[in-house]
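> Structure provided below as structure tokens; questions to follow.
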Amino acid sequence: MSTSVAVIDYGMGNLRSVSKALEHAGNCRVAVTAERDRILAADRVVFPGVGALRDCMAELRRRDLEEVVRHCLAHKPFLGICLGMQALLDFSEENQGTPGLGVMAGRVLHFDGRIPSAGAQGPLKIPHMGWNRVHRVRAHPLWADIPQDGWFYFVHSYYVQPEHAEGVAATTEYGLRFTSALAWDNVFAVQFHPEKSQHLGLRLLANFLRWDGTWNGTV
Amino acid sequence: MSGLAKRIIPCLDVDRGRVVKGVRFVDLVEAGDPVVIARAYDGQGADELVFLDITASAEERETMVHVVEAVAGEVFIPLTVGGGIRNLDDVRRMLHAGADKVAINTAAIQRPAFVSEAAARFGVQCIVVAIDAKQVAADPPRWEIYTHGGRRPTGIDALDWARRMAAAGAGEILLTSMDRDGTREGFDLALTRAVSEAVPIPVIASGGVGALEHLAAGILEGRADAVLAASIFHYGEYTVGDAKRYLAASGIEVRL
């Protein structure tokens, strides 16, 4: 019996790539959906997204999905991608301050003014766009068969800064060291795009499809 | 300080759903199939792919949507689609089909607000502004924007335009030197560096690559964040992997 995955469709970004990559990664039935019942019935949930957090929160509420997302965050294997990771924090400094879902204590910050504006190769560009290394700082079932400092594809101008280090599953360097993956209980969230990160991204998605949502937190 | 890799991006011209300008490293039968070629470049380690739709008739542009769908279903690296992106609906169709970014050229010149509207609606990360520039003065050097494959001048200064497009919400600039395009003499490094230093967003250098050292020069001297090439890869002279090993040996961070 293949596992069922709901990719939450709240109008923020390219969900076709996510669903195609999941289907390619492993044996699963993917529904890209905004329907409450289908999301609740799925074995696992992917919460993707690109763009602005303010729009993300507004769309979630407009579609009456906020409580559904909160329920899934507490109950089933959950994968947040990019904006779907940032939305988990308390607060983003975007748009003069935007509250997020607040299931992980911390803030979402802009790179501007926080990374060197000059260097041997000139200033670092924003967005942080392209392939960068992901340094695992904790063991986790989703890292299975993924090499330390493996390459993943990023595109973002904001990054998460959790209040406590325990939730950090990986870091990446771009003028500063930022959190590129978070993990707690049944939740895993990544700043990069596994659906665009070639074989390593597909492997991470395959690991997610097999994950039972448990993690004892040990290294 | 920054672990971000410099990107190598093969570019494919597509006419009515088929890759043109002869890709020769795959079987003749498959040489026009966008999926086969995309898969081959993916296997070589391409960091992204750019598809330029050069289909002349608007009616046949729909074909490009199917090309993007087919490629995005099998190749899991970022895809940019350019050519004929004229309104928000074109952007939506391409992103929905599986493109990650669209490249906007003529439509931005005709109506610059299109870029801000597209960025506001879909996010800056998926809006690439393509700039075709030609040198019009030598000392000090000046470049102007051209349209229609470099035939029609606009009188717009290339650096001003790049700054304006970055401010309007472009997430990236695809910069082509019309003086170098097709010459295999290397990028216009002065142009590339001037634009890259003028804008806070990433710049992809394009036009003129005929050898691997041109790719390295585009990054080291031109300060490009990514380099785009067509013929050196299509004719099988070099693989993307060869190019990356060359860049790595030149001290450039690449994804190997």
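> In a Gaussian network model over chain A where Cα atoms closer than 10 Å are linked, find which of A:F47, A:F208, A:F111 has the largest mean-square fluctuation.
Of A:F47, A:F208, A:F111, the most mobile in the Gaussian network model is A:F111.
> How many angstrom separate the Cα center of segment B:204-220 from the Cα center of segment A:47-96?
After rounding, the separation between the Cα centres reads 40 Å.
> Could you give the Stokes-Einstein D for segment A:3-210 in µm² per second, using the C-alpha Kirkwood radius, 10 °C, 1.306 mPa s?
Reported coefficient: 94 µm²/s.
> Here is a follow-up. Simple spin-label model, 7 Å along Cα-to-Cβ: A:L40 to B:T147 in nm?
Here the modelled spin labels are 5.3 nm apart.
> For segment B:52-95, which trypsin sites (Lys or Arg not before Pro) pass both filters: DSSP loop (anything but H, G, I, E, B) and at most 13 other C-beta atoms within 10 Å?
In loop regions of segment B:52-95 (DSSP not H, G, I, E or B), there are no sparsely surrounded trypsin sites (Lys or Arg not before Pro).
> OK, next. Give the residue list of trypsin sites (Lys or Arg not before Pro) in segment B:163-256 that are DSSP loop and have at most 16 other beta-carbon atoms within 10 angstrom. Please list the in-between numbers first.
Numbers: sites: B:R163, B:R164, B:R180, B:R184, B:R193, B:R223, B:K244, B:R245, B:R255; in loops: B:R180, B:R184, B:R223, B:R255.
Counting only loop positions with at most 16 other Cβ atoms within 10 Å, the trypsin sites (Lys or Arg not before Pro) in segment B:163-256 are B:R184.
> Which net charge results when you count Lys and Arg as +1 and Asp and Glu as -1 among the other residues whose beta-carbon is under 10 Å from that of A:R36?
-2
> B:A120 to B:T154: extension gain in nm, 0.36 nm per residue of separation minus the Cα-Cα distance?
9.6 nm
> Beyond 20 Å, what percent of the Cα pairs of segment A:117-219 remain? Could you put the intermediate results ahead of the total?
Numbers: 1990 of 5253 pairs.
Tail of P(r) above 20 Å: 38 percent of Cα pairs.
> Taking segment B:153-248, which chymotrypsin sites (Phe, Trp or Tyr not before Pro) meet the DSSP loop condition and have no more than 13 other C-beta atoms within 10 Å?
In loop regions of segment B:153-248 (DSSP not H, G, I, E or B), the sparsely surrounded chymotrypsin sites (Phe, Trp or Tyr not before Pro) are B:Y235.
> Also, quick follow-up: List the relative contact order of chain B as a percent without decimals, with contacts defined as Cα pairs under 8 Å and 6+ residues apart.
Worked out over chain B, it gives 19 percent.
> For chain A, set up a Gaussian network in which alpha carbons nearer than 10 Å are linked by springs, and say which option among A:R54, A:R38, A:R62 fluctuates the most.
Checking each option, the largest mean-square fluctuation is seen for A:R62.
> Something else now. Find me the longest stretch of chain A that has none of the exposed GluC sites (Glu not before Pro), where exposed means in a DSSP loop (not H, G, I, E or B) with at most 15 other Cβ atoms within 10 Å.
Of all site-free stretches, the longest is A:94-162.
> With charges only on Cβ, +1 for K and R and -1 for D and E, what is the dipole size of segment A:3-210 about its Cα centre, in debye, rounded to 20? Can you show the working numbers first?
On the way: 22 positive and 21 negative charges, 82 e Å.
Magnitude of the dipole: close to 400 debye.
> Per the Debye formula with a single identical scatterer at each Cα and no solvent contribution, what log10 I(q)/I(0) holds for segment A:1-116 at q = 0.14, 0.16 Å⁻¹?
The Debye formula, applied to the Cα set alone, gives -0.57, -0.72.
> On average, how many beta carbons from a partner chain sit within 10 Å of the beta carbon of a residue in A:125-137?
For peptide A:125-137, the averaged partner shielding equals 6.
> Ok, one more. Which entries in the list A:K20/B:K6; A:K196/B:K6; A:K125/B:K6 go over 20 Å, if you measure between the two C-alpha atoms of each?
From the list (A:K20/B:K6; A:K196/B:K6; A:K125/B:K6), the Cα-Cα distance tops 20 Å for A:K20/B:K6.
> Rule-of-thumb check for segment A:1-59: C-alpha Rg over 2.2 N^0.38 Å?
Normalised Cα radius of gyration, segment A:1-59: 1.13.
> About the Cα centre of segment B:170-256, how large is the charge dipole given +1 on each Lys and Arg Cβ and -1 on each Asp and Glu Cβ? Please answer in debye to the nearest 20.
Magnitude of the dipole: close to 200 debye.
> I would also like to ask the following. Kindly put A:C28, B:C126 in sequence by how many other C-beta atoms sit within 10 Å of each C-beta, fewest to most. Walk me through the intermediate numbers first.
Working: A:C28 21, B:C126 25.
Neighbour counts put them in this order, fewest first: A:C28, B:C126.
> Then there's this: Suppose a student asked you for the relative contact order of segment A:3-210, using Cα pairs under 8 Å spaced at least 6 residues apart; what percent would you report?
21
> Would you list, by chain and number, the lysines whose Cα falls below 24 Å from the Cα of B:K134, excluding same-chain residues fewer than 8 positions away?
In chain and number order, the partners are B:K21.
> Would you compute the Debye intensity of the protein assembly as shown from its alpha-carbon atoms alone, equal scatterers and no solvent, and pass along log10 I(q)/I(0) at q = 0.05, 0.12 Å⁻¹ to two decimals?
Treating every Cα as an identical point scatterer, log10 I(q)/I(0) equals -0.17, -1.03.
> Using only the C-alpha atoms of chain B, find the volume of their convex hull and express it per residue in Å³. Write out the running numbers ahead of the final one.
Working: hull volume 30.8 nm³, N = 256.
Dividing the Cα hull volume of chain B by its residue count gives 120 Å³.
Bear in mind these aren't lab numbers, they're just calculated from the coordinates by the rules spelled out. It should be emphasised that the depicted structure is a prediction, and the values quoted were computed from it without experimental measurement. Positions of Cβ are backbone-derived with ideal geometry, glycine not excepted, and every protein chain shown enters the neighbour counts.
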